[in-house]
Amino acid sequence: MTKKKNLEYEPKSAWKVYSSGKDIKAMDTMAANYLKFLSECKTERLVMDYVRKRVEKAGFVDDLRAPLAFRFNRNKTCFLARKGRRPLSEGFRLVGAHCDCPRLDLKQRPLYEDTDICLAQTHYYGGIRKYQWLTIPLALHGTVVQKDGKEITICIGEDPKDPVFTITDLLPHLAYKEVVKKVSDAFDAEKLNLVFGQSPVVNGKNDDEDIKEPVKRKVLEILNKRYGIDESDFFSAEMQAVPAGPARFVGLDQSIIGGYGQDDRSSVFCALEAMLEEPEPEYAQIVLFWDKEEIGSEGATGAKSYFFEYCMEELAEAWEPGARLSKIFMNGSALSADVSAAMDPDHKDVYEPLNAARLGYGPCFNKFTGHRGKVGANDAHPDYIAWLRRIFDDAGIPWHMSELGKVDAGGGGTVAKFLAVYGMDVIDVGVPVLSMHSPFELASKADIYACTLAFREFLKN
Ligand code: MN
Ligand code: MN
């Protein structure tokens with residue numbers, strides 16, 4: 001008797017698909033590299049430094065006429081391209097991800113002294129749950145550009161010998177009033193101030209000066225000694241406070257990767273690995289890493305900017321002179337590589353289980369994003385999804401289809417719609433993540449592996 005064809009669908013566990021010794025070894029190697037990448041790349045600029053190193057080693061050059069080309073924009077966003085066997089006008093395969101993450105930016109005039117403590121004021125970047133950023137060690141990364149154009153890179157708190165920064169919180173003994181407040185009222189953005197120091201400049205040495213804020217002065221003296229900067233240099237600086245220290249394995253089985261910035265640096269990692277592993281594509285490969293997604297893809301380095309278009313214009317001129325840009329765009333296929341929310345066993349009430357992303361089932365595809373009635377969503381076309389189903393199923397890659405959460409529970413957007421305006425096919429895909437936008441996000445080791453293989457399959461097909 002022949003076995004009946006399965007009419008029902010069940011997602012496949014990536015752990016079961018990748019249970020061979022060879023896969024496990026490859027998965028572990030990849031996880032180790034991923035941990036290193038997350039620990040090293042705490043800002044979009046650091047991601048760019050990492051990407052530049054990797055692509056230069058692989059033979060990419062800063063010239064869009066070359067068959068292996070890159071273009072960086074203000075060291076916060078980049079465009080990578082590899083020529084395919086077919087002409088550009090027949091289409092391209094694009095994977096786009098964002099390299100910016102929620103964090104606490106220093107205000108342009110951050111430093112002040114209160115109660116003999118020097119503090120630095122912040123303005124949070126992206127969607128954070130403020131209480132998650134209190135009483136944890138934070139590192140400070142930044143770029144200062146002085147009036148003469150001198151650029152200074154700041155990094156304090158990543159080396160175990162470095163001091164860190166932190167934001168204080170109320171002790172439970174005195175929080176009786178606070179604990180009955182709504183979460184949205186209880187945490188004030190103006191109280192997200194980083195502790196910068198507590199010791200004053202010692203009088204005697206500065207006898208002739210009337211220093212109003214001696215603790216702040218001490219902090220400024222240290223900054224000046226270490227970096228040659230003064231208070232006004234913060235005006236032309238971008239300083240970010242991010243969770244200090246390396247990414248770690250989570251769980252006794254080390255199956256989960258815990259670390260800051262996996263939304264969306266997991267996609268950056270998977271896309272870069274995939275591109276470097278597929279050197280002979282049928283169609284041109286394009287990989288884009290954008291900045292500013294977390295604040296709406298605005299600005300000259302966000303996905304709403306014309307940077308991508310400018311790069312494509314140059315590419316077309318060099319690779320296929322005379323080809324119409326509109327034709328090239330319309331024939332393109334893209335993955336908007338971004339994480340989605342994995343169903344959290346402690347918060348199941350905001351998920352709809354049948355359509356929720358699950359940790360350990362490979363990358364999840366979101367046909368649409370948006371909120372309340374798909375508002376603001378790109379909605380991927382069925383013929384495109386059918387093609388993707390075929391290539392991933394043929395390659396035996398575990399993947400699943402998902403929605404962010406319950407229909408009216410909330411929502412979110414990605415860069416997908418900014419690619420869709422060109423007429424290309426695009427769908428959202430990425431690894432499922434727990435505790436998204438927190439200082440310590442979780443992703444499954446198996447999903448990182450499966451997602452990289454999925455991107456490879458996409459880029460070579
Ligand atoms: Mn994202
Ligand atoms: Mn996000």
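Here K327 does not fit the description of being within 16 Å of ligand 1 (Cβ to nearest atom), in the same structural domain as V407 (by TED's automatic domain parsing) and open to solvent by 60 Å² or more (accessible area, probe 1.4 Å).
The condition of being open to solvent by 30 Å² or more (accessible area, probe 1.4 Å), at positive phi, small (G, A, S) and modelled with pLDDT of 95 or more holds for only one of G376, G360, G396, that being G396.
Of the residues making up segment 46-81, those that are assigned to a strand (DSSP E or B) and either surrounded by fewer than 21 Cβ atoms within 10 Å (Cβ to Cβ) or in contact with a Cys (Cβ under 9 Å, 6 or more places away or on another chain) (or both) number 11. Listed conditions (1) surrounded by 20 or more Cβ atoms within 10 Å (Cβ to Cβ); (2) closer than 24 Å to G370 by Cα; (3) more than 16 Å from ligand 2 (Cβ to nearest atom) are all met by A300, apart from (1). Out of S19, S39, one residue alone is closer than 29 Å to D253 by Cα and loosely packed, with under 13 Cβ neighbours inside 10 Å. It is S19.
On the basis of being closer than 28 Å to I385 by Cβ, in the same structural domain as I385 (by TED's automatic domain parsing) and within 16 Å of ligand 2 (Cβ to nearest atom), does V287 make the cut? Answer is no for this residue.
Summed over segment 338-382, the residues that are within 16 Å of ligand 2 (Cβ to nearest atom) and part of a strand (DSSP E or B) give a count of 8.
Return a yes/no flag: does segment 341-348 have any residue that is in the same structural domain as G21 (by TED's automatic domain parsing) and either open to solvent by less than 20 Å² (accessible area, probe 1.4 Å) or within 14 Å of ligand 1 (Cβ to nearest atom) (or both). Within segment 341-348, one or more residues are in the same structural domain as G21 (by TED's automatic domain parsing) and either open to solvent by less than 20 Å² (accessible area, probe 1.4 Å) or within 14 Å of ligand 1 (Cβ to nearest atom) (or both). Against the definition (open to solvent by less than 20 Å² (accessible area, probe 1.4 Å) and aromatic (F, W, Y)), how does F196 come out, yes or no? No, not satisfied. Out of all the residues in segment 306-337, which are in contact (Cβ under 8 Å) with a residue 12 or more places away in the chain and in a loop (DSSP other than H, G, I, E, B)? Those that are in contact (Cβ under 8 Å) with a residue 12 or more places away in the chain and in a loop (DSSP other than H, G, I, E, B): E320, A323, R324, N331, G332.
If you go through segment 399-409 and keep only what is within 16 Å of ligand 1 (Cβ to nearest atom) and open to solvent by 30 Å² or more (accessible area, probe 1.4 Å), you end up with E403, L404.
Return the only residue of K417, K445 being open to solvent by less than 40 Å² (accessible area, probe 1.4 Å) and basic (K, R).
Result: K445 is the single residue among K417, K445 that is open to solvent by less than 40 Å² (accessible area, probe 1.4 Å) and basic (K, R).
Checked against the criterion of being assigned by TED's automatic domain parsing to the domain that holds L276 and away from ligand 1 (no atom under 16 Å from the Cβ), the candidates A395, A443, A416, A377 yield just one match: A395. Out of curiosity, is S333 at pLDDT 95 or above, within 16 Å of ligand 1 (Cβ to nearest atom), in the same structural domain as Y384 (by TED's automatic domain parsing) and of a type in the set (S, T, Y)? Criteria not met by S333.
The values are calculated or read from the model by the stated rules, or taken from the named source; none is laboratory data. None of these values were measured; they are calculated from a predicted model. All Cβ positions, glycine included, derive from the backbone under ideal geometry; neighbour counts span all protein chains shown. Accessible surface is based on the protein model in full, side chains and every heavy atom, while ligands, DNA and RNA are left aside. Shrake-Rupley method; radii C 1.70, N 1.55, O 1.52, S 1.80 Å.
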